[in-house]
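First the structure, in the form of C-alpha cells, and then the observations on it.
The values are calculated or read from the model by the stated rules, or taken from the named source; none is laboratory data. Remember, it's a predicted structure, so these values are computed and weren't measured experimentally. Cβ sites come from the backbone with ideal geometry, for glycine too, and all protein chains shown count toward neighbours.
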Amino acid sequence: MFQIKVCGITRAEDAAMAAAAGADALGLNFYPGSPRWVGLPLAEAIVSSLPSGVLKVGLFVNAPIEAACSTFDQLGLDLIQLHGDEPPEYLAELEGRPVVRAFRVPAGGLPAVANYLRQCRQLGCLPRLCLMDSCRDGSYGGTGMTAAWGDLSQYPIEDWNPPMVLAGGLTAENVAEAVRVVQPHAVDVASGVESSPGCKDAVLLARFVAAARRALKKVL
C-alpha cells in the first residue's frame, strides 16, 4: 500500500511537489463541501501528470455508489477513501474496489470502529486500510485538529483488523511523536503542508515527508 499520503491535492504542480518530496500516495477530494474539492476535468489533469508508483486515492463523502464507482474507473484510481457516514453495506456495493475507510474517532470511540469492522468482515467487504482522523461535529475531516493518539494506540483491536493510517492535524513538528505513540502503518496529511486550504507548500511538504519517513522506519 503506502506510507505517506498527501491529501487534498488541487493543482498538478502540487502533485509534482508532493511526489518529488517522497509521498507515495496522493488524495483527490471529490466532496463538494470541501475547500479542497476538485472536479473531474481537473482531477484528470492531475492524475495524468503523476509519476508511476504514486498511488491515486479518491476521497468521497456520502456520494452515490454509482458516482464513486464511475469516478474510480474513469480516472484509474487505486483506492476509494470513504470519509462520510457510509454503512458497511456501502462497501459491499463497491464490488471489490479497494477501500480506505476513514473514521472520525472521538475519545473512547474505538469500540464503534471495531463493531463497524466486524460488520464489514461478515459482509466480506473489509477495507484495505483504516484511516483514523480527528472528530469535530459538522466536519468530515481536514480540520487541522489532532486525533486522540492515546486511544488510537490501542488499535488494532483484533488481529485481523486492517492496517491503520493516522491522520488529523499532523505536521513536521508533531508527526514523529504521533507515530511513536500510535505506531500506525502510514500517515496522511493535508492542512499541515499547506500555505492555504488546497495550496501545498514545497518546504512544508519536504519537511513533513522527511520527518514522517524517519519516524515510520522506527516502528515498521
Inter-residue pairs, beta-carbon under 6 Å, first surrounded by 12 or more Cβ atoms within 10 Å (Cβ to Cβ) and in the range 107-127, second of a type in the set (D, E, K, R) and modelled with pLDDT of 95 or more, 6+ apart: P127/R101
Any chance S134 is more than 17 Å from the chain's Cα centre (by Cα) and free of Cβ contacts under 8 Å to residues at least 40 places away in the same chain: no
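Results for (1) touching a strand residue (DSSP E or B) at 6+ places or on another chain (Cβ under 9 Å); (2) more than 17 Å from A186 (Cα to Cα), shown as yes or no for each residue.
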position: Q81; (1), (2): yes, no
position: G84; (1), (2): yes, yes
position: C125; (1), (2): yes, yes
position: I157; (1), (2): no, yes
Which numbered condition M1 misses (of (1) at pLDDT 95 or above; (2) touching a Pro at 6+ places or on another chain (Cβ under 8 Å)): (1)
Members of the range 65-77 found to be part of a loop (DSSP other than H, G, I, E, B) and within 18 Å of A102 (Cα to Cα), listed by number: L77
Every residue from the range 30-64 that is surrounded by 16 or more Cβ atoms within 10 Å (Cβ to Cβ) and part of a helix (DSSP H, G or I): A43, I46, V47
Subset of the range 157-205 [closer than 22 Å to A112 by Cα, more than 17 Å from the chain's Cα centre (by Cα) and not in a loop (DSSP other than H, G, I, E, B)]: V181
Test: residue in the range 212-219 that is within 19 Å of Q154 (Cα to Cα), in contact with a Pro (Cβ under 9 Å, 6 or more places away or on another chain) and not in a helix (DSSP H, G or I): no
